[in-house]
Amino acid sequence: MADIKQILVTGGAGLLGANLCRRLLNDGHNVICLDNFFTSQSLNIDELRDNPHFTLIEHDVIEPIDLQVDEIYNLACPASPPHYQHNPIMTTRTSVDGAFNMLELALKNNAKILQASTSEVYGDPNITPQPESYRGNVNPIGPRACYDEGKRCAETIFFDYHRMKNANIRVMRIFNTYGPFMHPYDGRVVSNFILQALDNRDITLYGDGLQTRSFCYVDDLIEGMIRLMNAPDSTPNPVNIGNPNEFTIKQLAEQIIHITGAQSKMVYEPLPADDPLQRCPDISRAREHLNWEPQIQLHEGLIKTIEYFRNIDLSQFKLPTPNESHPHRVA
Ligand code: NAD
Ligand code: UDP
């Protein structure tokens, strides 16, 4: 392989990180996975440990670190609402201090750095689909603010490091992504519904279930991430990456019940505060500049993800946070 790189993946044991580490190793690179295992466990990367091209560093991105790297994918941050609301101060610090520390590391190494930002920077959007130019509708003092504002501030830090210090940045706004290596107890809608359906339990719809999300299968997301990292420096930032096919949460539940053949019924529970009513990416920029668009639609992606959940041993997974932050988890 012509261009073997030393690549740091922070949050490398999580859903996106575990898939990204595998893809980068398959592409022939040396991968350093940095994680503090807050919302994941080493199960996701255990099989990689014997690979001589893989290194695991247990570390918190809130603390500085010195490494030799060519590229950094900065993914470290709890992503599911119950997890990021568990210790909101640490969530903000992870986004903000993590951004400073990883940007300093990038500058020291003259390395490219990609920030995993989020559709949450748009908050509860009042336009749809959301283009990158939309400035968002975020409640700065609500329970989701630690994540939304932490990620918004991280974007600010990335752009200021670019303007002031010429950091070579990529900022990717990720829309709801699911797939193998999701933590079964992360409290996100896809994992909750699949576990409930596999166990023939009630499916918990929050609110009226008519709020929408646009679900992207993880392989598509990782392809977009790698294309953005490898795109010319002149590529505009930030870039939305997500699947623009929008579904209500109720439609998601119906698909999961259908695929699993579950006997589950749907039950309605209160909508969490500040829960966005709609979310759908405008991916024109990714189409034009990365020649990217998702290939795997929801039905196919759910079949793969349900197969993953059928085959994991749930007893091996511990709750990432205490039970009270998972009021809706399955037992
Ligand atoms: P995840 O919770 O599965 O993985 C996050 C990983 O980061 C975990 O392995 C966790 O242990 C690690 N981590 C958390 N805090 C850390 C810290 N202080 N130091 C070191 N490691 C830490 O979540 P994910 O879905 O893989 O998300 C990865 C990134 O992508 C996050 O930054 C998230 O905000 C972003 N993102 C994800 C989605 C999505 O739908 N999956 C959507 C938008 C943005
Ligand atoms: N949701 C739900 N039942 C669940 C978990 C989540 O109805 O068991 C809803 C949640 O209120 C939100 C959507 O599903 O409207 C997506 O939730 P998730 O936590 O996966 O991600 P978010 O996009 O809110 O960050």
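Hey, does segment 287-298 have a residue that's crowded, with 18+ Cβ neighbours inside 10 Å, at pLDDT below 95 and not in a strand (DSSP E or B)?
Within segment 287-298, not a single residue is crowded, with 18+ Cβ neighbours inside 10 Å, at pLDDT below 95 and not in a strand (DSSP E or B).
Restricting the search to segment 48-62, which residues are among the hydrophobic types (A, V, I, L, M, F, W, C) and assigned to a strand (DSSP E or B)?
Matches in segment 48-62: 54, 56, 57.
Is it true that some residue in segment 64-81 is more than 9 Å from ligand 1 (Cβ to nearest atom) and in contact with a Pro (Cβ under 8 Å, 6 or more places away or on another chain)?
Looking for residues that are more than 9 Å from ligand 1 (Cβ to nearest atom) and in contact with a Pro (Cβ under 8 Å, 6 or more places away or on another chain), one finds at least one in segment 64-81, hence yes.
Evaluate the following for residue 251: is it assigned to a helix (DSSP H, G or I), closer than 21 Å to residue 81 by Cβ and of a type outside the set (Lys, Arg)?
Yes; evaluated as a whole, the condition is true for this residue.
Just to be sure I understand the filter: pairs with C-beta atoms under 8 Å, separated by 6 or more residues or on different chains, first member in segment 185-206 and part of a strand (DSSP E or B), second member open to solvent by less than 20 Å² (accessible area, probe 1.4 Å) and of a type in the set (Val, Ile, Thr). Which pairs pass?
203/256; 205/249; 206/249
Among the listed residues 239, 267, which satisfies the condition of being open to solvent by less than 50 Å² (accessible area, probe 1.4 Å) and farther than 26 Å from residue 192 by Cβ?
Selected residue: 239, the only one of 239, 267 that is open to solvent by less than 50 Å² (accessible area, probe 1.4 Å) and farther than 26 Å from residue 192 by Cβ.
Go through the residues of segment 209-226 one by one and say whether even a single one is outside any strand (DSSP E or B), polar (S, T, N, Q) and within 15 Å of ligand 2 (Cβ to nearest atom).
yes
Can you name the helices (runs of 4 or more DSSP H) wholly within segment 63-179 that have at least 2 residues being surrounded by 17 or more Cβ atoms within 10 Å (Cβ to Cβ), among the β-branched types (Val, Ile, Thr) and under 17 Å from the mean Cα position of the chain (by Cα)?
Helices (runs of 4 or more DSSP H) meeting the threshold: 88-109.
The values are calculated or read from the model by the stated rules, or taken from the named source; none is laboratory data. All values derive from a computational prediction rather than experimental measurement. Here Cβ is always computed from backbone atoms with ideal geometry, including for glycine, and neighbour counts include all displayed protein chains. Protein only, heavy atoms only, side chains kept; ligands, DNA and RNA dropped before computing areas. Shrake-Rupley method; radii C 1.70, N 1.55, O 1.52, S 1.80 Å.
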